1. Looking at segment 15-29, I want the residues that are open to solvent by 50 Å² or more (accessible area, probe 1.4 Å) and have a partner that is assigned to a helix (DSSP H, G or I) and among the polar types (S, T, N, Q) with Cβ atoms under 8 Å, at least 6 apart or on another chain. Which pairs are those?
2. Restricting attention to segment 70-118, and to residues there that are assigned to a loop (DSSP other than H, G, I, E, B) and of a type in the set (Asp, Glu), which single residue is least open to solvent (accessible area, probe 1.4 Å)?
3. Please determine, by comparing only the residues of segment 30-60 that are more than 18 Å from the chain's Cα centre (by Cα) and polar (S, T, N, Q), which one is farthest from VAL83 (Cα to Cα).
4. Could you give me the residue pairs with C-beta distances under 6 Å whose first residue belongs to segment 103-116 and is under 18 Å from GLU57 (Cβ atoms), whose second residue is open to solvent by 40 Å² or more (accessible area, probe 1.4 Å) and among the small types (Gly, Ala, Ser) wherever it lies, and which are 6+ apart or on separate chains?
5. Could you count how many residues in segment 31-46 are in contact (Cβ under 8 Å) with a residue 60 or more places away in the chain, of a type outside the set (D, E, K, R), open to solvent by 20 Å² or more (accessible area, probe 1.4 Å) and assigned to a helix (DSSP H, G or I)?
Amino acid sequence: MKGNPAVIGSLLTAAEMEAKLATQYHLDKRDLRFQSLKKLAKTISGFGEDCECLLKEITDQAFQRGASPVKYSAGEAVEKPTVTSIFQDALTAETAIDEAFNAFYLIAQDAKDADTRNLFEHWIKLHEHEHIEWLEEQLSQIEKFTEPEYLKIQLAME
């Protein structure tokens, strides 16, 4: 099946974004585990696994549309100095992906590619309703309690 070049380009850009975020989440998971924050690490690990699943779906969709197998960069993962910075940077990345996927949704809609449009809609909901909401809640709690108090609460819940 030959796909619309703009849709294929959107899918390949989406793949890079998901690969970068998955890589970052794996580093963040490790850093949280080093701080004995196992529950937070498990949640972040789950987000990374979600990104990997989406990456597979995205690349499958791109290849079905005729994309050439390409190498894409997962980007560089960066260690963060605090839990707050881990969550803030993750929220920034998730929000950027959400905005991009909304634009990609419209590209697929304009190209009359309902399958890809529907997949972008599904992927948007996952990022918005699971990842973004959870990160916003954690940052809200950190703001309310301060990071040291938030971490004490998290460690007590382990």
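1. If the second residue must be assigned to a helix (DSSP H, G or I) and among the polar types (S, T, N, Q), the pairs left are HIS26/SER45.
2. Taking segment 70-118 and keeping what is assigned to a loop (DSSP other than H, G, I, E, B), we get 70-82, 111-113.
Imposing the further condition that a residue be of a type in the set (Asp, Glu) reduces the set to 76, 79, 113.
On the way: GLU76: 141, GLU79: 117, ASP113: 20 Å².
Filtering first and then ranking leaves ASP113.
3. Just the residues of segment 30-60 that are more than 18 Å from the chain's Cα centre (by Cα), to begin with: 33-39.
Still in the list and also polar (S, T, N, Q): 35-36.
Numbers: GLN35: 10, SER36: 12 Å.
Here the residue is SER36.
4. The qualifying pairs are ILE107/ALA6.
5. Residues of segment 31-46 in contact (Cβ under 8 Å) with a residue 60 or more places away in the chain: 35-40, 43.
Filter once more, keeping what is of a type outside the set (D, E, K, R): 35-37, 40, 43.
Now narrow it down to the ones that are open to solvent by 20 Å² or more (accessible area, probe 1.4 Å): 35-36, 43.
Checking the rest, the ones that are also assigned to a helix (DSSP H, G or I) come to 43.
The number of residues fulfilling the criteria is 1.
The values are calculated or read from the model by the stated rules, or taken from the named source; none is laboratory data. Just so it is clear, the structure is predicted and the values come from calculations on it, not from any experiment. Using ideal geometry, Cβ is built from the backbone for each residue, glycine included, and neighbour counts are taken over all protein chains shown. The area values use the complete protein model at the heavy-atom level, side chains included, leaving out ligands, DNA and RNA. Shrake-Rupley method; radii C 1.70, N 1.55, O 1.52, S 1.80 Å.
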